[in-house]
Amino acid sequence: MEALYKIMENMDIKYIDYPVASGKESVVFRAIMKNRAVAIKIFKISTIKFSTLDIYIQGDRRFEKERRDRSTRVTLWCRKEFTNLQAMREVGISAPIPYGHYQNVLVMQYLGTASRPAPQIKNYNGQMKRMFDLLMDDLRKMYQKAGLVHADLSEYNVLVYRNKPYIIDVGQMVDIGHPSAELFLKRDILNIVNFFRKKGIECKEEQIYRYIKGESIEPGN
C-alpha cells in the first residue's frame, strides 16, 4: 500500500477505477492518471515463486548481476517488465506504453474501453489471418531488432486492441544471449502455432522459426 500510495502521488494518479485482471503473481487495475486511463500492475510479494523468477533473470545479461535476495526479487521483476516494454516500444512492437514503476508497482498504458479491458486473442472472433501476420511481424522485430524472446507467449498474453495484437506480461522476457533463449523461442512458437491452427490458420513451426530468425521472408507456408 505504501508503494501504491507513493507512485499515485508521484505520477498524479487521481483514482483507481476497477480491477481488470488478477493472477497468482499480480493484479491489474484500471486507473486515471491526469486525463488518461492507465493500468496499474501490482506484483504480489507473498505468492510469487522466487525460484521461477531466477530462471528468467539468471542468464539475462541485462540483469544477472543485480542483487537477488528475497526483498529485492519482486522489485527487480517489476523493473524488468518496465525495461522490456520500453525495448519493445522502441522498435515498433505493439505493447503497452510503460509510464513508470516503483518497488512492486508498474504503471503502463491501459488497453480497452471505459467499461472493459481489451479481450485476449483467444476470445477474439475477427480476422485471424491479419492477427497472425501482425503478431509474426512483432515477434520478428522482437528477436531481430530488440534482441529479445518473450519466453511465455500464448493466447493468454496477447490482447486485441484497436484491431491489432498487443503483447503483454513480459517480465520473464529474456535477451537472446540467455542460455535458454532458443528453448523459450521454440516453446513460444509451438504455443502460437497450436492456437492459430485451431483458428484455421495454416502455419508451421519451422517456417515461423526461420522467419523470426531472419532466415525466411514469409512466416506462412
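Where a number appears in this text, it was derived from the coordinates with a stated rule and is not lab data. Note that the coordinates shown come from a computational prediction; the quantities given were computed from them, not determined experimentally. Don't worry about glycine lacking a Cβ; one is built from the backbone with ideal geometry, like all the others, and counts go over all protein chains shown.
Assorted remarks:
- Candidate cross-link partners of residue 145 among the lysines, defined by an alpha-carbon separation under 19 Å and a same-chain spacing of 8 or more, comprise 80, 186, 213.
- Note that the range 155-172 has calculated 3J(HN,Hα) couplings of 5, 8, 10, 10, 9, 9, 10, 6, 6, 9, x, 10, 8, 10, 6, 10, x, 7 Hz, one per residue in order, obtained from phi through the Karplus relation 6.51 cos²θ - 1.76 cosθ + 1.60 (θ = phi - 60°); glycine and proline are x.
- Potential extension, residue 86-residue 14 segment - 0.36 nm per residue separation minus Cα distance: 23.5 nm
- For residue 162 and residue 182, a Förster radius of 41 Å and the Cβ-Cβ distance give a FRET efficiency of 0.80, rounded to the nearest 0.05.
- Cα-centred dipole magnitude for the range 121-212, charges only on beta-carbon of K, R (+1) and D, E (-1), debye, nearest 20: 380
- Förster radius 41 Å - calculated FRET efficiency between residue 116 and residue 218, Cβ distance, rounded to 0.05: 0.70
- Reciprocal of mean inverse Cα separation for the range 121-212 (Kirkwood radius, Å): 13.2
- Taking the Cα centre of the chain as reference, the dipole from Cβ charges on Lys and Arg (+1) and Asp and Glu (-1) amounts to some 360 debye.
- For the range 1-123, a crude dipole built from +1 on the beta carbon of Lys and Arg and -1 on the beta carbon of Asp and Glu, taken about the Cα centre, is about 140 debye to the nearest 20.
- Relative to the longest principal axis of the Cα atoms of the chain, the long axis of helix 128-144 makes an angle of roughly 80 degrees.
- Estimated [θ] at 222 nm from DSSP helical runs (n ≥ 4, -39500 (n - 2.57)) normalised by residues in the chain, nearest 500: -11000 deg cm²/dmol
- For the range 121-212: relative contact order, % (alpha-carbon pairs under 8 angstrom, 6 or more apart): 33
- Summary value for the range 2-109: 25 percent relative contact order, contacts being C-alpha pairs under 8 angstrom separated by 6+ residues.
- Taking label points 7 Å from Cα along the Cα-to-Cβ direction, residue 35 and residue 6 give a separation of 3.1 nm.
- Candidates 159, 183, 91 compared by Cα position along the dipole of the chain: farthest toward the positive end lies 159, with charges placed on Cβ.
- Positive dipole terminus of the range 121-212, leading residue within 192, 173, 128 (C-beta point charges): 128
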